[in-house]
Each structure stands twice: as structure tokens, then as C-alpha cells.
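Q: My questions all concern the structure below.
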Amino acid sequence: MSASDDRRQTPRTRVDLLFNKYIDGYPHLCRTIDVSADGLLLERVSEPAVEREFYPVEIGLMDAKADVIERLWIWAQQVWCDGERQALRFVGLGDSDREKLDRLLARAAMIEAAAAV
């Protein structure tokens, strides 16, 4: 698949966030470029030169009010890959995971807006 196949219908939030993408049970560092309710565009930071159809990803964001990191585990399917960039589509999100993702996206948008000032 190519970048033109990445046709997310939901709004994207531009966010610079480090997260783990798991390959064969091992975490590998990635950086988000943008995230939507349906998937994300990432830049690979450190991972082996292998591709899989599906990846578990772990996204965490600090909740300043509770002083804890809220973590979300999501299965994601590769949509396309071009060099160090890769698009993933979230699969099998339940209602509670979708609510947690919405909270993380809202929090990430506030962080990005504050950093832009």
C-alpha cells in the first residue's frame, strides 16, 4: 500500500509523542507524527528491519492532575510504509479503549497547543 491509500476519515491531531511498537514481543521506540481516532502516522526511531501485518502498540501520556501515566494498548494494522514513516490503522477498539484514546488525543492536543505558544 502507498501513502495515497491512507484515507483516514476522522480528524488528525498533530502530536509529537514517543510510544512503543512491539515486534516479536519486544518494544521498539517510535514517534507519532499525527494521530486520529482510527490510526496514526509514525516515524520509526529504533527497530529491526522487519515488517509485520499487525503490531501491538503502547501509548502513554502523563495525566498531570492525577500524576500518573495513562496507558493504552491497541492492536494496529500496517496500512503503508515508506522509509522511516509508517501508517497504522487501529483494529478492534472497544468502547472503553476508544474513550481512553479520545482522552489521550484531547490531552495531546492541549500539550501541542501549549508548546506552540
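Each value in this text was obtained by applying a stated rule to the coordinates, not by laboratory testing. This structure is a prediction, so every number in the text was calculated from the model and none was measured. Cβ: placed from backbone, ideal geometry, glycine included. Neighbour counts: every protein chain shown.
Q: Using the alpha carbons of the chain, what is the convex hull volume per residue in cubic angstrom, as a whole number?
A: Details: hull volume 13.4 nm³, N = 117.
Taking only Cα atoms, the chain has a hull volume of 115 Å³ per residue.
Q: Let me ask you something else. For the chain, what is the charge dipole size about the Cα centre, in debye to the nearest 20, if Lys and Arg each add +1 at the Cβ and Asp and Glu each add -1 at the Cβ? Don't jump to the answer; show the numbers that get you there.
A: Details: 16 positive and 21 negative charges, 41 e Å.
Result for the chain is approximately 200 debye, rounded to the nearest 20.
Q: Summing +1 for each Lys or Arg and -1 for each Asp or Glu, what net charge is found among the other residues whose Cβ lies under 9 Å from the Cβ of His28?
A: Working: positive: Lys21, Arg44; negative: Glu47.
Net of charged neighbours comes to +1.
Q: Please go through segment 23-117 and write out the chymotrypsin sites (Phe, Trp or Tyr not before Pro) that DSSP classes as loop and that have at most 10 other C-beta atoms within 10 Å.
A: none
Q: Quick one: 3J(HN,Hα) in Hz for segment 41-51, Karplus 6.51/-1.76/1.60 with θ = phi - 60°, rounded, Gly and Pro as x.
A: Once rounded to whole Hz, the list reads 10, 10, 10, 6, 9, 8, 6, x, 7, 10, 10.
Q: Give the residue list of trypsin sites (Lys or Arg not before Pro) in segment 32-116 that are DSSP loop and have at most 13 other beta-carbon atoms within 10 angstrom.
A: Arg52, Lys65
Q: Still on this structure, I have one more. Provide the net charge surrounding Ala76, with neighbours chosen by a C-beta distance below 9 Å and charges set as Lys +1, Arg +1, Asp -1, Glu -1.
A: Its environment carries a net charge of +2.
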